[in-house]
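Reviewing the structure listed below.
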Amino acid sequence: MRISWKAYKGKQILYVDYSGLKTDEMIKLLHDSCDVLNTSPGGVLLLTNFENTTATTEYMNEVKRLGKDVITVKATRTALLGIVGVKGVLVQGYAFFTGEKNLKTFSTEQDAMEWLVS
């Protein structure tokens with residue numbers, strides 16, 4: 001399951017797993033996850049896994065558009081996994097473009113979940 005809810009320390013975290021996906025699959029998953037965000041009451045803690053992915057221009061354009069309209073509005077905190085190399089620069093650009101303030105990258109899921117619920 002690419003989109004799921006994880007219970008951690010009494011809180012619910014929306015987990016979106018992009019790992020290993022190609023651009024078209026990533027864009028579809030992005031739209032599906034935004035649908036879940038839009039239908040969720042209140043703010044959402046969001047954990048996304050980008051291990052073994054490539055952020056193409058097409059994906060980045062779509063995530064910036066939806067990030068501004070949906071993700072930054074519904075996600076109270078966003079933790080990212082699998083952000084190495086040039087992906088780190090792309091995350092910084094995304095955060096600047098969308099105004100995202102509660103976004104952080106992590107090397108382990110455990111660290112990410114601890115930060116999300118802190």
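Throughout, read-outs are computed from the coordinates displayed, never taken from laboratory work. Source: prediction; values computed, not measured. Here Cβ is always computed from backbone atoms with ideal geometry, including for glycine, and neighbour counts include all displayed protein chains.
What does the convex hull of the alpha-carbon atoms of the range 1-113 project to on average, in nm²?
Convex hull of Cα atoms, orientation-averaged projection: 6.4 nm².
Any of 6/28; 28/101; 11/87; 9/87; 9/64 with alpha carbons more than 23 Å apart? Name them for me.
Where the Cα-Cα span goes over 23 Å, the pairs concerned are 28/101; 11/87; 9/87; 9/64.
Given R₀ = 30 Å, what would the calculated FRET efficiency be for residue 23 paired with residue 104, taking r from the Cβ atoms and rounding to 0.05? Don't jump to the answer; show the numbers that get you there.
Working: r = 25 Å, r/R0 = 0.82.
The value I calculate is 0.75.
Mind checking the log10 I(q)/I(0) for the range 72-118 at q = 0.20, 0.23 Å⁻¹? Debye, one equal scatterer per Cα, no solvent, two decimals.
With one equal scatterer per Cα and no solvent, log10 I(q)/I(0) is -0.66, -0.85.
What is the calculated FRET efficiency for residue 111 to residue 38, with r their C-beta to C-beta distance and R₀ = 30 Å, to the nearest 0.05?
Given R0 = 30 Å and the Cβ-Cβ separation, E is 0.60.
Report the label-to-label distance for residue 96 and residue 56 in nanometres (one decimal), using points 7 Å from each Cα along the Cα→Cβ vector.
Distance between the two pseudo-spin positions: 2.5 nm.
Please compute P(r) over all alpha-carbon pairs of the range 48-103, binned at 10 Å starting from zero, and give each bin as a whole-number percent.
Reading the bins upward from 0: 23, 62, 14.
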